[in-house]
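Below is one structure, written out as structure tokens; comments come after it.
The values are calculated or read from the model by the stated rules, or taken from the named source; none is laboratory data. Computed from a predicted model, the values in this text were never measured in an experiment. Here the Cβ positions follow ideal geometry from the backbone for every residue, glycine too, while neighbour counts run over all protein chains shown. Heads up: the accessible areas ignore ligands, DNA and RNA and are worked out on the full protein's heavy atoms, side chains in. Shrake-Rupley method; radii C 1.70, N 1.55, O 1.52, S 1.80 Å.
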Amino acid sequence: MRILSNEDVQQVLTLEECIEALEVAYKEYTLGKAANRPRNHTYFPVMDERFPGFQFRFKSQEGGNITSGVWALRITSDMVGTETLAGGVKRRRLLPVASGNRYCGLVTLYSLHHLEPLAIIHDSYMQKMRVGATSALGIRALANPDARVAGLFGSGWQASSHLEYMLLVRPSIEEVRVYSPTKDNRERFAKEWSERTGKRIIAVDHPRDAVQGCQIVTCATAAYDPCFDGRWLEPGTHVTSITSPDGTANRRELDDTTFDRADKIVVFSREQIHHDNQIDILGPVERGLKNYEDIGEIGELLLGRIGGRTSPEDITIFANNTGMGLQFAAVGARVLELAEARGLGHEVPTEWFLEATSP
């Protein structure tokens with residue numbers, strides 16, 4: 001069995017490898033050739049005395065698909081809470097309270113054919129890549145192909161992945177306007193990514209500036225409250241969000257107006273909408289503006305079972321509304337294959353993890 005660090009993963013997992021593996025997995029999920037258990041959060045009343053309001057949380061998700069040949073179990077052992085930024089903006093935050101000021105997130109891959117564990121992999125870099133790649137599949141399928149200006153909410157870990165992926169699937173983009181609540185962070189982000197991409201990445205001082213005049217608007221934040229006013233959206237805009245209520249916190253990046261104005265809504269998982277009571281996505285249905293059956297899934301869209309935009313003037317939304325263990329099976333299997341070819345990571349005897357008597 002192989003143990004791989006984030007550094008190992010980063011050496012082999014390219015943008016293209018990740019998005020290709022995920023596209024196959026989502027199609028297989030729709031075709032009944034993959035399975036997934038909805039993400040689960042369990043909070044426990046153990047607090048960190050140094051950080052009032054933060055408590056222990058165990059998160060797990062699992063899934064697998066035929067092509068990957070593996071079943072993945074992803075777990076994170078977290079100390080989680082809410083911090084308030086300048087201006088009163090609230091954000092979810094995870095604390096590095098493991099030994100050496102680190103975090104604990106692991107993906108274990110099991111062989112679908114031989115049952116045994118194949119790898120234990122740090123989850124952080126795969127986490128970043130699989131979210132950005134999934135949002136990019138939505139952009140590729142729904143955004144107008146001639147988009148030139150994009151807005152980006154967020155200037156952190158996820159925002160960087162979303163920027164790279166957005167430029168991969170829409171290389172026609174010439175300018176990206178970045179807004180996040182902390183001025184220094186957004187300006188630092190804009191400077192760094194302008195230099196790295198050769199594109200015009202600019203920090204803007206008001207959320208409106210990352211919406212008006214933008215053909216693509218991407219939210220990649222840990223926000224609790226909507227990032228912008230949906231009345232600012234112009235016809236033809238494609239919108240991406242990665243934050244919805246998760247069953248334990250009523251977080252959302254998009255307001256009711258944005259969902260109500262959308263001509264097309266596609267989500268990552270319809271099952272998760274009800275599992276977590278995602279009232280942001282359900283809002284237009286409950287207000288009688290849309291039918292639940294009209295909300296599509298990304299796998300259906302990729303297979304052509306549902307249509308995308310019907311007009312250049314349509315407002316479209318892809319709500320990347322959950323994380324799936326299935327994603328870690330698809331990407332993790334690809335990572336393991338590439339890492340084995342290069343001899344990366346550490347090998348330990350598989351026998352250590354097997355037993356002679358029935359579980």
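Would you mind pulling out the separation of the Cα centroids of the stretch 51-98 and the stretch 110-153, in Å? Centre-to-centre (Cα) distance: 17 Å. Using a cutoff of 8 angstrom between alpha carbon atoms and counting only pairs six or more residues apart, the relative contact order for the chain works out to 22 percent. Its residues counted as N, the stretch 185-327 yields a C-alpha radius of gyration over 2.2 N^0.38 Å of 1.08.
Amide H contacts of His238 (H built 1.01 Å from N, in plane; Pro and chain starts excluded): Asn144, Ile216, Val217, Thr316 sit under 5 Å, all sequence-distant by 5 or more or on other chains.
The Cβ shell under 15 Å around Arg200 holds other residues with a net charge of +1, Lys and Arg each +1, Asp and Glu each -1.
I'd like the antiparallel share, as a percent to the nearest 5, of DSSP beta bridges with both residues in the chain.
Details: 43 of 72 bridges.
So the antiparallel bridges amount to about 60 percent of the total.
Relative contact order for the stretch 229-359: 33 percent, from Cα pairs under 8 Å spaced at least 6 residues apart, divided by residue count.
For the chain, the longest principal axis of the C-alpha atoms and the axis of helix 124-142 are separated by about 40°. Around the Cα centre of the stretch 201-352, unit charges on the Cβ atoms of Lys, Arg, Asp and Glu (plus for the first two, minus for the last two) sum to a dipole of about 200 debye. Looking at the chain, the pairs of alpha carbons with a distance over 34 Å make up 25% of the total.
Report the net charge of residues surrounding Ala190, where surrounding means a beta-carbon distance below 14 angstrom and charges are Lys +1, Arg +1, Asp -1, Glu -1.
Working: positive: Arg177, Lys183, Arg186, Arg188, Lys191, Arg196, Lys199, Arg200; negative: Glu175, Asp184, Glu187, Glu192, Glu195, Asp205, Asp209.
It works out to a net charge of +1.
In what order, largest first, do Thr248, Thr30, Thr134 sit by accessible area if the probe radius is 1.4 Å? Walk me through the intermediate numbers first.
Working: Thr248 65, Thr30 30, Thr134 0 Å².
Greatest to least solvent exposure: Thr248, Thr30, Thr134.
Listed values for the stretch 178-185 are Karplus-derived 3J(HN,Hα) couplings in whole Hz (6.51 cos²θ - 1.76 cosθ + 1.60, θ = phi - 60°), namely 10, 10, 8, x, 9, 4, 4, 5, and x replaces Gly and Pro. Electrostatic tally near Pro245: other residues with Cβ closer than 10 Å to its Cβ, Lys and Arg +1, Asp and Glu -1, net -1. Using only side-chain charges placed at the Cβ, +1 for Lys and Arg and -1 for Asp and Glu, the dipole size of the chain relative to its Cα centre rounds to 480 debye.
So for the stretch 150-283, averaging the separation of alpha carbon pairs under 8 Å that are six or more residues apart and normalising by length, what relative contact order in percent results? Show your work: numbers first, answer last.
Values: 233 pairs, mean separation 29.0, N = 134.
Value for the stretch 150-283: 22 percent.
The phi torsions of the stretch 222-230, fed into the Karplus equation with coefficients 6.51, -1.76 and 1.60 and a -60° offset, translate into couplings of 10, 5, 9, 10, x, 7, 7, 8, x Hz, rounded to whole numbers, with Gly and Pro shown as x.
So which of Lys27/Lys290; Lys90/Lys191; Lys90/Lys199; Lys59/Lys90; Lys183/Lys264 end up more than 28 Å apart, counting from Cα to Cα? Please list the in-between numbers first.
Working: Lys27/Lys290 25 Å; Lys90/Lys191 25 Å; Lys90/Lys199 30 Å; Lys59/Lys90 21 Å; Lys183/Lys264 33 Å.
In this structure, Lys90/Lys199; Lys183/Lys264 lie more than 28 Å apart at Cα.
Projected onto planes of every orientation and averaged, the convex hull of the alpha-carbon atoms in the stretch 258-359 covers 11.3 nm².
Computed from Cα positions, the angle between helix 157-169 and the longest principal axis of the chain comes to roughly 70 degrees. Distant-in-sequence amide contacts of Cys104, defined by a placed amide H-H separation under 5 Å and a gap of 5 or more residues or a different chain, comprise Ser77.
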